[in-house]
Amino acid sequence: MKNGDIDFVIAWVDGNDLEWRKEKEKYEGKPYEGNSEARFRDWENLQYWFRAVEKYAPWVRKIHFVTWGHLPDWLNTSDPRLHIVKHTDYIPEEYLPTYSSHTIELNFHRIKGLSEKFVYFNDDMFLAKTVEPDDFFAKDIPCDTAALSVHCYALSRPIQLISIRDVGVINEHFDFKTSVKKNIHKWMSPKYGFTLLRTLALLGSPRYPGFYLGHAANSYLKSTYEKVWEKEYQILNETCMHRFREMTDVNQWVMKEWQLAEGNFIPRKASFSKAYFAGGGHPRETMDAAAHDIINHTHSMVCINDSDISQEDFQYCKSVINEALNFTLPNKSRFER
């Protein structure tokens with residue numbers, strides 16, 4: 001397989017679709033942080049994701065656009081490099097309907113025609129400058145930043161339990177010290193910069209304490225998905241049986257962490273991407289900084305993470321980000337009508 005045979009996968013939901021909302025309401029479970037309305041709020045900037053791909057990654061083989069069934073009115077579905085994938089096209093029937101991103105993400109390997117090498121983007125992750133295939137895969141091996149971290153659980157942050165469950169799976173299959181020692185040159189790469197300090201501080205841990213998760217698009221091998229499903233069918237199946245995200249779930253990060261623990265990765269600088277969190281306490285200042293990043297092409301990728309901020313703050317943040325995206329990507333792409 002050529003190094004350029006790389007697919008992009010992006011999952012999207014139209015939270016304003018009345019049919020989708022009616023169906024969702026029939027199965028609605030108890031709300032918690034991971035199922036908040038902010039997860040479905042429309043920033044009205046998906047077209048810029050496609051423009052960025054066309055401008056900054058024209059080498060991509062195919063884009064798999066994963067959706068419940070709704071599509072943006074402006075999307076040009078006739079483009080041969082675009083593959084529309086409905087949940088019913090690849091997710092096993094027993095898991096449907098689903099409103100859990102975990103179920104949607106954990107079954108990507110079942111997408112018909114998906115390349116062995118693919119990069120998964122949330123719809124809030126944008127390319128911000130030119131990237132090359134070897135930014136994601138080098139010699140057919142996923143590129144990533146390997147660093148340790150601690151997942152600091154709090155009752156008000158139940159989503160952290162998912163990260164703990166992920167690393168629990170890894171610790172069942174990999175001995176921490178043996179795994180890191182075997183790939184010490186990868187774990188201690190100077191490309192990680194100050195992020196490397198996280199690992200150095202936690203090397204005395206008896207097991208993997210957790211993994212640094214940079215909120216960036218992840219490079220995956222389809223064969224990794226298949227392997228983890230074979231080894232850990234029970235917990236993946238239980239997760240996918242949940243129609244909404246649950247605290248006892250695992251998510252797609254378990255695939256990323258498996259590749260890291262296995263040593264099946266090539267070091268990539270931690271500064272490749274940058275995440276901006278609207279819910280960090282100063283949403284307007286944070287999004288101003290994100291807009292500056294986009295306009296100045298500071299990072300190769302930026303993540304604009306929504307949260308339960310006020311409607312007034314949301315409108316400000318959306319306006320600032322979309323103005324920045326339009327400034328750098330003013331022209332329609334081949335994926336727009």
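Residues in the range 161-176 that are assigned to a helix (DSSP H, G or I) and open to solvent by 70 Å² or more (accessible area, probe 1.4 Å): 165, 172, 173. Of the residues making up the range 293-323, those that are out of contact with any Asp or Glu (no Cβ under 8 Å at 6 or more places or on another chain) and under 30 Å from residue 138 (Cβ atoms) are 293, 294, 295, 296, 297, 298, 301. Checked across the range 227-234, the condition of being part of a loop (DSSP other than H, G, I, E, B), over 18 Å from the mean Cα position of the chain (by Cα) and not β-branched (Val, Ile, Thr) holds for at least one residue. Working only within the range 191-226, note down all residues that are over 24 Å from residue 125 (Cβ atoms), touching a residue at least 60 places away in the same chain (Cβ under 8 Å) and either of a type in the set (Val, Ile, Thr) or assigned to a loop (DSSP other than H, G, I, E, B) (or both). Of everything in the range 191-226, those that are over 24 Å from residue 125 (Cβ atoms), touching a residue at least 60 places away in the same chain (Cβ under 8 Å) and either of a type in the set (Val, Ile, Thr) or assigned to a loop (DSSP other than H, G, I, E, B) (or both) turn out to be 208, 209.
Looking across the range 137-161, just one residue is more than 17 Å from residue 272 (Cα to Cα) and among the aromatic types (Phe, Trp, Tyr), and that is 153.
Yes or no: residue 87 modelled with pLDDT of 95 or more, under 23 Å from residue 329 (Cβ atoms) and open to solvent by 10 Å² or more (accessible area, probe 1.4 Å)? So residue 87 does not fit the description; no. Only one entry of 186, 274 meets the criterion of being among the basic types (Lys, Arg) and within 24 Å of residue 123 (Cα to Cα), and that entry is 274. For the range 105-160, the set of residues classified as closer than 28 Å to residue 202 by Cβ, open to solvent by less than 30 Å² (accessible area, probe 1.4 Å), hydrophobic (A, V, I, L, M, F, W, C) and part of a loop (DSSP other than H, G, I, E, B) consists of 136, 146, 147, listed by residue number.
The values are calculated or read from the model by the stated rules, or taken from the named source; none is laboratory data. Just so it is clear, the structure is predicted and the values come from calculations on it, not from any experiment. As a convention, Cβ positions derive from the backbone with ideal geometry for all residues, glycine included, and neighbour counts pool all protein chains shown. In case anyone asks, the SASA skips ligands and DNA or RNA and just uses the protein heavy atoms, side chains included. Shrake-Rupley method; radii C 1.70, N 1.55, O 1.52, S 1.80 Å.
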